[in-house]
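This report concerns only the one structure given below.
The values are calculated or read from the model by the stated rules, or taken from the named source; none is laboratory data. All values derive from a computational prediction rather than experimental measurement. All Cβ positions, glycine included, derive from the backbone under ideal geometry; neighbour counts span all protein chains shown.
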Amino acid sequence: MGKQVKLRIDGQEVQAPAGMNLIDAAELAGIHIPNLCYLRGMKGIGACRMCLVEVEGLKAPIIACNTKVKQDMAVHTRTERVQEIRRFVVDLILSMHPLDCVTCTKSGVCNLQEYAYEFGLKESSFSRKKFTYPVDEGNPFVKRDPAYCILCGRCVRVCKEQGTNVLDFMGRGIESKVITANDMPLHESGCTFCGSCIDVCPVSALREADREKKGREWEFSRHESVCMLCGCGCDITVSTKGDLIQKINAGSRSPSTEQHFICTYGRFGYEHVDGGKRILSPMVRKGGQLQEVSMKDALEDLAGRLKKAGKNTGFISTASILNEDAMTLQRFSGEVVKTSNIDSTASLYARPEQLEKSQKAKLDKADLIILVGVNPSQWTRVLPALDVAVRRRLSRKGRLITINSQETALDKLAEINLNGDEIQAVQGMIKSVPDHGIKVDQKLLKHVQEASTDKNMQQAAEMFAGSSNPLIISDPAFFDVASNLAWIKGQAMAMPLESNARGVVLMGVKSKDNTFQDMAAVEHGLVQRGRSTVKLLYAVGDVPLSKKPDGVDFLVVQSSSFTGLAREADMVLPAATYLESSGSMVDYLGQLKTVEQAIEPRGESKTHRDIFVQLAKNMGATLKKPTFSEVKKAAGTEVILSVADMSRKEAFQETPESYLQALNAPVLETSRLLWLKESGMT
Amino acid sequence: MQQNIFHTDNSDYFRPAHRDITPGMWQGIDRVIQECLDVPGAVTQVLRRCQDLVGYLPVELLDYIAHSLNIPASEVFGVASFYSLFSMKPRGRNIIRVCTGTACHVRGADLIMRRLKQTYHLEDGSTTPDRRFTLESVRCMGACGLAPAMNINQTAHGHITPDQALKLLQEYY
């Protein structure tokens, strides 16, 4: 913790870390300084002039967003003088803002409305100025209505900081307008439709394209959850009304109002829960056709089959199921069905040890990020939130080294690119580290004796040696080698492609006998490693396979979408999606996050764990659902990094891009995201 | 997909075809960009020098500059639209700037403006179809002692009447 500063705000004594701005410091004391353009975590720009405060000893009021706390400062946030200025600002803005709060969807959460209410301003005292700008509604995601825009610049700033760089101001003065390059509509501007601009817009100038008539803000129930669609596992807030999801926003309500990011999939993909491919009831294959049956019959039938198959049963699961589901699955397979054939899709791109050894880290504390073999990109939609997190960190004093045999989207922002073989590059770096005043264990150095170094690796080693808290984010294929860096300093983690890969492994869903590849030995870029003895294959979640594996007599698919594998199944069981279940997950940074149920499971679908418990009952066994403390304990397991493993691991056969697309195919195809596919923007 | 060009495309961005930009101008543009490649905050300079070369800043050129300097096109567009110095519409070979500041206004600047508009069928800020003249009203040029003042290209003319203004312009083609 840094130096603390004592100051008085409105007579109240406040202790704040040195370097904090006045808005945040006042927030610590529960005092809100009005503002329209401030964004926590970003530099204050003083555009709106609403945050003017008076400081004793200073003649003129100053802006709070860009003023740092000083020892013994005495700040007054509500003097008559500053209130008058604020009132004037709101008065001016209102002269250009449509006063249609009666139908405006932002009503209730609109910052401008809040301040106008506070100052009792019904109407501007200035003459009304109106521009007739066209509304940009050429895409099904973001609607841009410049008539409402108050030119605060929040959207421009988030768009720039996250590197999308689509929005900027055009013109000056009263005629300024937020535009894309050449004032084109968003769908012709290179926009990725992440909707970050929607989250920060204080008024209704940027909103979800279908936001109208979906309900007033105060009618919504909000649920803090986690998006489970890719390895980023972003915090989301789901707004529901009448058991329907109305919208999803980034970040959870607590603890801060800091800006978060979710991508187009996370924000707009929720329609798949009621999409055309949803499995609503159990189905059993009779005479070559899948026919609906009752849940009771299906589970009784299945229980008998599982009992018979015993250790010839195999369980394959996606790595995006919740911890509780994973732990129940692990218990069910081991204790009830008594088979050791269990594995998850995580094993396709990572070995369980790597995910277990992956350390806990805080990305926003890292002063140096080293990406090894990872290529996150908002544009290819591979781990977009990681791309944004890195870019955001770089705009706030972070530095970046990319190590990749291919060009990556982040190369241009990195100070050093080590192109070429990743493993050689890391070894070269390690070899050079001792030249820069850092002691490295001989045990480790011995393994890199033969490595060759070049100027770039030397420089990278120098940067690494000079950093105080480096974070190494590695593709699992290179984790064993890359984590050696963390053995010297900092943290290392293996970046999974699926949201709960770490959690699923920590909960015990990992291969003990046959692996996922053995059990699923079919196409999809997988290497066939001889046939397994599995006769009854039980697929949990939307496993991205499309063919029933050879040698399997009976295939059960417990999933939410009727895609790929479900079509080939002998029995289909309807499973709840992540938006319909509660529990927890472990994100790529090792943080245990809770997932809150937002809506009721559709049709007859049930959570995975409920289905397993019922099956166990039918098989005459009792299966206990794990408690949160059990999950927490399992998630907290820490495995010490092993040193000096320089071996090259078999890389994933598929590109992350195509794998994630296969994984999220149901989401992509049965929501408005289909528009992206149809317009060639996926 | 076009959008990742800013960040991943290292190759030279293809020069867009434009009828107002000759091969010679392109060479000049590339020279300017080359000189400013790693200079932070060089956009304004690049835009000004490119405008000097081409006469104005066509949208295609803004795009080209953005790609070449590896900065967002929206930003280049924002800068170009912010400064009145820059024009994204074709401009005349000769730029007439009539001062309409207080002193010039009092001494009959709008008589001059009106006469120029009538004679050459111009509006404030517009260009003759043959691109001979662009007419602009400007605020104080700091030459109040010469009021009413008028600038043709880089030359200032003071104490002018509407007739004199027209006569001066006859020499510019």
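Numbers for the structure displayed
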quantity: Residue match in the range A:604-613 (condition: touching a residue at least 40 places away in the same chain (Cβ under 8 Å), assigned to a strand (DSSP E or B) and on the phi < 0 side of the Ramachandran plot); calculated: yes
quantity: Residue pairs meeting the criteria (Cβ under 6 Å; at least 6 apart or on separate chains; first in the same structural domain as A:Asn341 (by TED's automatic domain parsing) and within 15 Å of A:Phe628 (Cα to Cα), in the range A:311-330; second outside any strand (DSSP E or B) and among the aliphatic types (A, V, I, L, M)); calculated: A:Asn323/A:Met507; A:Asn323/A:Val631; A:Ala326/A:Val504; A:Ala326/A:Met507; A:Ala326/A:Val509; A:Met327/A:Met507
quantity: Counted residues, the range A:30-68 - those being within 18 Å of A:Glu80 (Cα to Cα) and not in a strand (DSSP E or B); calculated: 15
quantity: Residue check, B:Ser81 within 24 Å of A:Gly153 (Cα to Cα), hydroxyl-bearing (Ser, Thr, Tyr) and surrounded by 17 or more Cβ atoms within 10 Å (Cβ to Cβ); calculated: yes
quantity: Leading residue by the ranking (nearest to the chain's Cα centre (by Cα)) among those in the range A:332-386 that are more than 25 Å from A:Leu322 (Cβ to Cβ) and of a type in the set (D, E, K, R); calculated: A:Asp364
quantity: Condition met for A:Ala665 (away from every other protein chain (no Cβ under 14 Å), crowded, with 20+ Cβ neighbours inside 10 Å and touching a residue at least 24 places away in the same chain (Cβ under 8 Å)); calculated: no
quantity: Residue tally, condition buried (at least 19 other Cβ atoms within 10 Å of the Cβ) and at pLDDT 90 or above, over the range B:88-99; calculated: 3
quantity: Residues within the range A:390-413 that are in contact (Cβ under 8 Å) with a residue 12 or more places away in the chain, touching a Ser or Thr at 6+ places or on another chain (Cβ under 8 Å) and either more than 21 Å from A:Arg157 (Cα to Cα) or aromatic (Phe, Trp, Tyr) (or both), tallied; calculated: 3
quantity: Any helices (runs of 4 or more DSSP H) falling wholly within the range A:357-460 and containing at least 2 residues that are surrounded by fewer than 19 Cβ atoms within 10 Å (Cβ to Cβ) and more than 14 Å from every other protein chain (Cβ to nearest Cβ); calculated: A:442-447
quantity: Filter result for A:Ala634 (touching a helix residue (DSSP H, G or I) at 6+ places or on another chain (Cβ under 6 Å), within 30 Å of A:Gly287 (Cα to Cα) and assigned to a helix (DSSP H, G or I)); calculated: no
quantity: Check on A:Gly171, of a type in the set (Gly, Ala, Ser), more than 11 Å from chain B (Cβ to nearest Cβ) and more than 30 Å from A:Leu592 (Cβ to Cβ); calculated: no
quantity: Total residues in the range A:78-100, condition touching a Phe, Trp or Tyr at 6+ places or on another chain (Cβ under 8 Å) and acidic (Asp, Glu); calculated: 1
quantity: Residue check, A:Val178 within 14 Å of chain B (Cβ to nearest Cβ), buried (at least 23 other Cβ atoms within 10 Å of the Cβ) and more than 28 Å from A:Ser671 (Cα to Cα); calculated: yes
quantity: Output for the range B:56-111, where each listed residue is away from chain A (no Cβ under 12 Å), in contact (Cβ under 8 Å) with a residue 60 or more places away in the chain and in a loop (DSSP other than H, G, I, E, B); calculated: B:Pro90, B:Arg93
quantity: Only listed residue being crowded, with 16+ Cβ neighbours inside 10 Å and either assigned by TED's automatic domain parsing to the domain that holds A:Ser189 or among the polar types (S, T, N, Q) (or both), chosen from A:Ser658, A:Ser629, A:Ser582, A:Ser647; calculated: A:Ser582
quantity: Residue in the range A:199-219 that is assigned to a loop (DSSP other than H, G, I, E, B), within 14 Å of chain B (Cβ to nearest Cβ) and touching a Lys or Arg at 6+ places or on another chain (Cβ under 7 Å) present; calculated: no
quantity: Residue within the range B:7-26 that is crowded, with 16+ Cβ neighbours inside 10 Å, closer than 30 Å to A:Glu678 by Cα, modelled with pLDDT under 90 and within 14 Å of another protein chain (Cβ to nearest Cβ) present; calculated: yes
